[in-house]
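A quick write-up on the structure given underneath.
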Amino acid sequence: PKKSPKRASVKADSPDVKTQLIKKLDDETEKDSDIIVKGLMTDELKEREVGHVSRKVYVAWAKAAGGTWVGILIILCFGAVEGINVLSKWWLTYWSQHGSSESGEIQFLAVYAAINLAVIITTFIRVVIVMLAGLRASRRLFEELLDVVLRAPMSFFDTTPIGRILNRFSKDMYTIDENLVSTLRSYLSTIFSVVSTILVISSITPWFTVCLIPIIIFYVSQQMYFNITYRELKRMDSVIRSPLYALLGETLDGVSTIRAFGAEQSLLRRLVDMLNKQQNAYFLTCTAQCWLAIRLEIIGTFIILFACLSAVLQHGSHGGDAGFAGLAGLAISFALSVTQSLNWSVRMASDMEANMVAVERVEQYRKIPSEAARALDKDVALGPYWPSLGAIRFENAKLRYRPGLPLVLKGLNLYIPARSKVGICGRTGAGKSSLCLALMRIVELDTGSIKVDGVDIRTVGLSRLRSKIAVIPQDPVLFSGSVRTNLDPFNEFTDERLYEVLGRVGLYVDRAASSSSLSSMSERQTSPVVKSVEDEVFESGNNFSVGQRQLLVFARALLRGANVVIMDEATAAVDADTDARIQRVMRVDFQHATCITVAHRINSILDSDYILVMDDGRAAEFDTPANLLSRGGMFRDLVNASKEA
Ligand SMILES: Nc1ncnc2c1ncn2[C@@H]1O[C@H](COP(=O)(O)OP(=O)(O)OP(=O)(O)O)[C@@H](O)[C@H]1O
Ligand SMILES: [Mg+2]
């Protein structure tokens, strides 16, 4: 490793030098984190849309919420609530002018109570309808998002940082669930109340309409100015959150590595740095809101002023009529409350647009291409037993992980006879795992074809294909839950069967049955790894060693049974004894299956029927081990090397 000359040249024992050193390190990490933050962000900044949230996004949300009829129903409800509200205030005016006798009071009061009861009931109905529509929309959107992501091809996961995906599922979905509907509700109700206020004032004092024109012009111009800024700030806020989430996730995953290297401080700094950047955007959204509030207060004040002025002006033309005085009072009381409604209407309008950005971001993911079809009509024609033999033919198979990347399989030609046991070896990066992925169509071939029992796998639905091939991957994956949920997630097998396979891989010892003959090391273990199928499995199987995890995954494959079994370094982390035992189990249990075993440990594949030596994406050698050994070549070199070791 290169040593930085500057750091090597200073003596680290004087305190001054030490603080200097620490400061220098700090600066460097700061620079690093800056670059990382920028790098992560620019990607997503590029990805983000600019300008208005397009109408399509609103339409998509409305469609998910239930479409036109639900929309009409909601508008009607809001109209009804506002209408009855105005009626209730008007009734007060009427009452104040006509109510006089004692008996009449009760009647007036009863009508007033009835009107207000109607307000309460319609408001309740309105809230329920809007909430249900919102709930429906977010459920639909979530399901669509989940569906799209689950069907996305591997290249999507390779190129998209996990934080970005999590952000869609957490922050954006939260916004749609929690904020969008309530802002929509507030927006509609304030808009309706502003409109009703203006209608009431204009109908009582028509002079008011003249002043209304400049007010509206000012209002619209301010709102547009504000909206642009506010929307972009909100977008920034969501974009900056992604690297933050990503860093948080990575830190949690790598917490032991971070501790081991004592990198807490530098990570903390990086996190604080990102938080600061995110807070910048958030703080500015708050500032922008204050800016707007001041302007709206002014508009509200002018509305009150003009409402009063026009009442005074028109008082003369009505000749001091007492009835007009009551109505003018009504108009002014409406005007007094308009400031708040105005303020809220604009804020809610921008909030709604800003929240719609969440829908926009979720909708963006709809453009992700999907994997090939899960099921095809042709699957049925294959019959239930395909592939009964498991003969595999690669014809000039070329594979690359993504367009623009170099080929990884470079024209592979290979015929694996039915039910044979094939061992694959080759240098790191030769394409062994890629070959396995191609067989499962996790990554699709560029050109060429793979035929299983004469059927091109490209013509088979993915579910069908993948259910018939068991893969034991290079890195064993367990899920938190119990041993049972890991082996048999769909509850298809009995406990006895589970214990049997666990016993076969050496993770479970049936004390009653095994007391007589104990042979291999794993059987001699005094305490078996798995005591019951209900044993807990922690997150990603952390309470098992890597070797034990591999054995569990192997047990899972045993349970499933398949006609083609692929083991990609599945026993790399277990001891030689256990490995040999697994090979034996495989020979018996997968007797009728085609088994492909990738192994660096030559011994574990020496007694295969065939050996494939991969080299740089091609099949360098393929023959029986005996032939390869006598002929000489890469395989014999590998065997000799392993013997020397
Ligand atoms: N997800 C990926 N995206 C892009 N390139 C990849 C990806 N996975 C593997 N590669 C490239 O494909 C080549 C072959 O990788 P592969 O995993 O098939 O090697 P391997 O033979 O299984 O090696 P090992 O013995 O280390 O498991 C490598 O050069 C690697 O850079
Ligand atoms: Mg590999």
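Miscellaneous remarks
- On the stretch given as the stretch 151-183, residues that are in a helix (DSSP H, G or I) and open to solvent by 30 Å² or more (accessible area, probe 1.4 Å) total 15.
- One residue stands out in the stretch 410-435 among those that are open to solvent by less than 10 Å² (accessible area, probe 1.4 Å) and under 14 Å from ILE392 (Cβ atoms): the one that is nearest to ligand 1 (Cβ to nearest atom), namely LEU435.
- Checked against (1) hydrophobic (A, V, I, L, M, F, W, C); (2) within 16 Å of ligand 2 (Cβ to nearest atom); (3) open to solvent by 10 Å² or more (accessible area, probe 1.4 Å), LEU445 meets all criteria but (2).
- Residues that are of a type in the set (A, V, I, L, M, F, W, C) and farther than 21 Å from ALA555 by Cα, drawn from the stretch 440-476: ILE442, VAL443, LEU445, ILE450, VAL452, VAL455, ILE457, VAL460, LEU462
- The listed residue being touching a residue at least 24 places away in the same chain (Cβ under 8 Å) and either within 30 Å of CYS286 (Cβ to Cβ) or part of a loop (DSSP other than H, G, I, E, B) (or both), out of ALA397, ALA375: ALA375
- Residue among TYR187, TYR230 that is hydroxyl-bearing (Ser, Thr, Tyr), modelled with pLDDT under 85 and surrounded by 14 or more Cβ atoms within 10 Å (Cβ to Cβ): TYR230
- Selected residue (criterion: nearest to ligand 1 (Cβ to nearest atom)) from residues of the stretch 133-145 that are surrounded by fewer than 16 Cβ atoms within 10 Å (Cβ to Cβ) and under 23 Å from ILE75 (Cβ atoms): ARG139
- Every residue from the stretch 621-640 that is open to solvent by 50 Å² or more (accessible area, probe 1.4 Å) and either in contact (Cβ under 8 Å) with a residue 12 or more places away in the chain or in contact with an Asp or Glu (Cβ under 7 Å, 6 or more places away or on another chain) (or both): PHE622, MET634, LEU638
- Going through (1) free of Cβ contacts under 8 Å to residues at least 40 places away in the same chain; (2) crowded, with 19+ Cβ neighbours inside 10 Å; (3) hydroxyl-bearing (Ser, Thr, Tyr) one by one, SER608 falls short only on (1).
- Some residue of the stretch 575-595 being within 16 Å of ligand 1 (Cβ to nearest atom), assigned by TED's automatic domain parsing to the domain that holds LEU414 and touching a residue at least 12 places away in the same chain (Cβ under 8 Å): no
- Test: residue in the stretch 309-330 that is assigned by TED's automatic domain parsing to the domain that holds THR205 and within 21 Å of MET236 (Cβ to Cβ): no
- Inter-residue pairs, beta-carbon under 7 Å, first farther than 17 Å from ARG402 by Cα and away from ligand 2 (no atom under 13 Å from the Cβ) and in the stretch 413-438, second open to solvent by less than 10 Å² (accessible area, probe 1.4 Å) and not hydrophobic (A, V, I, L, M, F, W, C), 6+ apart: ILE416/THR594; ALA418/GLY390; ALA418/THR594; ARG419/GLY390; ARG419/THR594; SER420/THR594
- Test: residue in the stretch 239-250 that is of a type in the set (S, T, N, Q) and over 25 Å from the mean Cα position of the chain (by Cα): no
- Taking the numbered list (1) modelled with pLDDT under 85; (2) out of contact with any helix residue (DSSP H, G or I) (no Cβ under 6 Å at 6 or more places or on another chain) in turn, THR571 passes all entries but (2).
- Checked against (1) open to solvent by 20 Å² or more (accessible area, probe 1.4 Å); (2) at positive phi; (3) at pLDDT below 85, ARG560 passes all but a single condition, namely (2).
- Test: residue in the stretch 490-498 that is assigned by TED's automatic domain parsing to the domain that holds GLU621, in a helix (DSSP H, G or I), within 16 Å of ligand 2 (Cβ to nearest atom) and surrounded by 16 or more Cβ atoms within 10 Å (Cβ to Cβ): no
- Filter pass, VAL529 being over 18 Å from SER420 (Cβ atoms) and open to solvent by less than 60 Å² (accessible area, probe 1.4 Å): yes
- Residue among VAL119, VAL148, VAL130 that is at pLDDT 90 or above, farther than 30 Å from GLU363 by Cα and open to solvent by less than 60 Å² (accessible area, probe 1.4 Å): VAL119
The values are calculated or read from the model by the stated rules, or taken from the named source; none is laboratory data. Please read these numbers as outputs of a predicted model, since none were measured by experiment. With ideal geometry, Cβ positions are generated from the backbone for all residues, glycine too; neighbour counts draw on all protein chains shown. Please note that ligands, DNA and RNA were not included when accessible areas were found on the heavy atoms of the full protein model with its side chains. Shrake-Rupley method; radii C 1.70, N 1.55, O 1.52, S 1.80 Å.
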